[in-house]
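The values are calculated or read from the model by the stated rules, or taken from the named source; none is laboratory data. Given the structure is predicted, the values throughout are model-derived calculations rather than measurements. Please note: Cβ atoms are built from the backbone with ideal geometry, for glycine as well, and neighbour counts cover all protein chains shown. Calculation scope for accessible area: heavy atoms of the full protein, side chains included, ligands and nucleic acids excluded. Shrake-Rupley method; radii C 1.70, N 1.55, O 1.52, S 1.80 Å.
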Amino acid sequence: MTVGIPEALAAGEAVRGATSPNPPVGCAIVGPGGEVIATGGTSPAGGPHAEINALRAAGDRARGATAVVTLEPCNHTGRTGPCSHALAEAGIRKVVYLTADPNPQAAGGADYLRSHGVEVTFAPTRVDALQPWLASVRHGRVSVTAKFAATVDGFTAAVDGTSQWITGSAAREHVHEDRALRDAILVGTGTAIADNPSLTARYPDGTLRERQPRRVVVGKRKVPEGNLTRLGFEQYPTPQEALDTLWEQGARDVLVEGGAGLLTSVVELGVVDRIQAYVAPLLLGGGRPVVQRALAGTLADARRYTLGGVRTLGDDVLIELER
Ligand SMILES: NC(=O)c1ccc[n+]([C@@H]2O[C@H](COP(=O)([O-])OP(=O)(O)OC[C@H]3O[C@@H](n4cnc5c(N)ncnc54)[C@H](OP(=O)(O)O)[C@@H]3O)[C@@H](O)[C@H]2O)c1
């Protein structure tokens with residue numbers, strides 16, 4: 001792998017959840033001898049982009065160096081100046097970018113750099129941190145990941161409604177890590193009322209992580225006093241209204257945590273870009289299914305996703321699916 005790619009990917013991962021509506025980009029500045037001089041990630045909206053942070057950290061050593069960037073450097077002036085200009089002015093000799101910018105307003109950075117004597121290489125690489133942002137730009141809406149914990153026979157709660165806990169501690173810990181990377185978490189009123197969840201991102205000792213997503217409840221029913229009401233939450237009468245408001249307010253990456261009623265609605269809206277299924281080694285034989293209504297009358301019409309990854313978390317398995 002090209003020197004600087006793992007460092008640029010790590011710098012982008014490190015700012016996930018803190019940059020929307022901007023993408024979580026990472027940049028590594030690599031010296032002529034192949035040594036990584038500096039790295040940078042995108043600052044929160046309104047702040048410098050990854051390239052600028054990396055250039056600042058590199059100082060004079062940027063002259064003659066290579067910049068590895070997870071996304072094509074932007075070429076437009078928004079709240080900050082174009083990164084393509086800053087890279088050329090800093091004397092960067094070569095730019096390697098891993099993803100083309102799908103945003104027509106910002107694209108053109110590679111062309112600008114070439115026309116200013118900078119060697120530019122496109123090295124197509126999957127950048128996990130950018131996937132939700134890329135989907136949001138492509139579709140002009142927030143990117144939705146649907147998450148659920150299910151028994152191996154497909155139930156998310158028992159006949160009596162109990163669902164805590166289907167999965168073990170390793171899977172639940174992963175959920176908390178994941179929440180901290182998102183702009184918002186959505187649950188239906190059914191879950192807010194039945195489970196009285198806190199919807200916070202916590203460490204195993206129960207303390208709050210540094211980054212907390214917005215907590216959003218969907219539905220018209222009133223949520224009684226509890227964790228959510230104590231911590232504060234937003235409520236919207238329909239999923240569409242919630243997703244539209246979040247998009248307008250700059251969110252790009254949201255996690256829908258159920259229950260079946262809300263999950264079914266977002267699948268039917270056609271906005272689910274990723275599925276995270278935490279599958280536990282349990283059989284219930286009955287209870288609440290993952291999806292509440294039939295989505296297809298025949299197998300050929302089933303919603304098809306591709307396998308994005310499988311990992312073991314304690315006794316459970318996380319299956320990641322992508323559109
Ligand atoms: N295993 C898991 O991963 C998991 C995760 C979460 C929950 N659960 C379990 O699931 C159960 C709750 O699930 P649930 O299906 O009853 O509730 P839910 O999905 O949390 O909430 C359903 C409510 O969401 C609102 N809603 C959904 N779609 C809508 C639409 N298209 N338009 C307007 N409003 C819409 C409605 O609220 P109003 O009726 O208020 O208008 C609806 O009653 C609990 O037993 C919980 O423990 C399991």
Elements of type strands (runs of 3 or more DSSP E) contained in the stretch 223-300, each with 1 or more residues being under 30 Å from P44 (Cβ atoms) and among the β-branched types (V, I, T): 253-256, 272-280
Filter the stretch 262-286 for residues that are within 11 Å of the ligand (Cβ to nearest atom) and open to solvent by less than 30 Å² (accessible area, probe 1.4 Å) and give the result. L262, L263, T264, V266, V267, Q276, A277, Y278, A280
Taking into account only those residues within the stretch 243-257 that are surrounded by 18 or more Cβ atoms within 10 Å (Cβ to Cβ) and within 14 Å of the ligand (Cβ to nearest atom), which is farthest from N22 (Cα to Cα)? E257
Sort out which residues of the stretch 48-60 are surrounded by 14 or more Cβ atoms within 10 Å (Cβ to Cβ) and in a helix (DSSP H, G or I), and write them in order of number. A50, E51, I52, N53, A54, L55, R56, A57, A58
Subset of the stretch 154-184 that is in contact with a helix residue (DSSP H, G or I) (Cβ under 7 Å, 6 or more places away or on another chain) and outside any loop (DSSP other than H, G, I, E, B) - its residue that is nearest to the ligand (Cβ to nearest atom): T156
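State which residue is nearest to the ligand (Cβ to nearest atom) when the search covers only the stretch 122-153 and only residues that are among the aliphatic types (A, V, I, L, M) and surrounded by fewer than 20 Cβ atoms within 10 Å (Cβ to Cβ). Don't jump to the end; show me each part of the working.
Taking the stretch 122-153 first, the residues among the aliphatic types (A, V, I, L, M) are 123, 127, 129-130, 134-135, 137, 142, 144, 146, 149-150, 152.
In the following step, the residues that additionally are surrounded by fewer than 20 Cβ atoms within 10 Å (Cβ to Cβ) were identified as 123, 137, 152.
On the way: A123: 38, V137: 25, V152: 13 Å.
The extreme case among them is V152.
Taking the options L318, L208, L295, name whichever one is within 27 Å of R141 (Cβ to Cβ) and under 23 Å from the mean Cα position of the chain (by Cα). Give the derivation first.
Numbers: L208 fails: within 27 Å of R141 (Cβ to Cβ); L295 fails: under 23 Å from the mean Cα position of the chain (by Cα).
Step by step, each of L318, L208, L295 is checked, and only L318 is within 27 Å of R141 (Cβ to Cβ) and under 23 Å from the mean Cα position of the chain (by Cα).
Answer with yes or no whether L318 is within 14 Å of the ligand (Cβ to nearest atom) and either assigned to a loop (DSSP other than H, G, I, E, B) or buried (at least 18 other Cβ atoms within 10 Å of the Cβ) (or both). Before you say what the answer is, go through the steps one by one.
Values: within 14 Å of the ligand (Cβ to nearest atom): yes; either assigned to a loop (DSSP other than H, G, I, E, B) or buried (at least 18 other Cβ atoms within 10 Å of the Cβ) (or both): yes.
For L318, the condition - within 14 Å of the ligand (Cβ to nearest atom) and either assigned to a loop (DSSP other than H, G, I, E, B) or buried (at least 18 other Cβ atoms within 10 Å of the Cβ) (or both) - is met.
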Reported set for the stretch 24-47 where residues are under 20 Å from the mean Cα position of the chain (by Cα), open to solvent by 20 Å² or more (accessible area, probe 1.4 Å) and of a type outside the set (G, A, S) is P44
Considering only residues that are open to solvent by less than 20 Å² (accessible area, probe 1.4 Å), within 15 Å of the ligand (Cβ to nearest atom) and hydrophobic (A, V, I, L, M, F, W, C), which ones fall in the stretch 185-242? I185, L186, V187, A192, L199, V216, V217, V218, V223, L228, A242
Total residues in the stretch 287-297, condition more than 15 Å from the ligand (Cβ to nearest atom) and open to solvent by 50 Å² or more (accessible area, probe 1.4 Å): 2
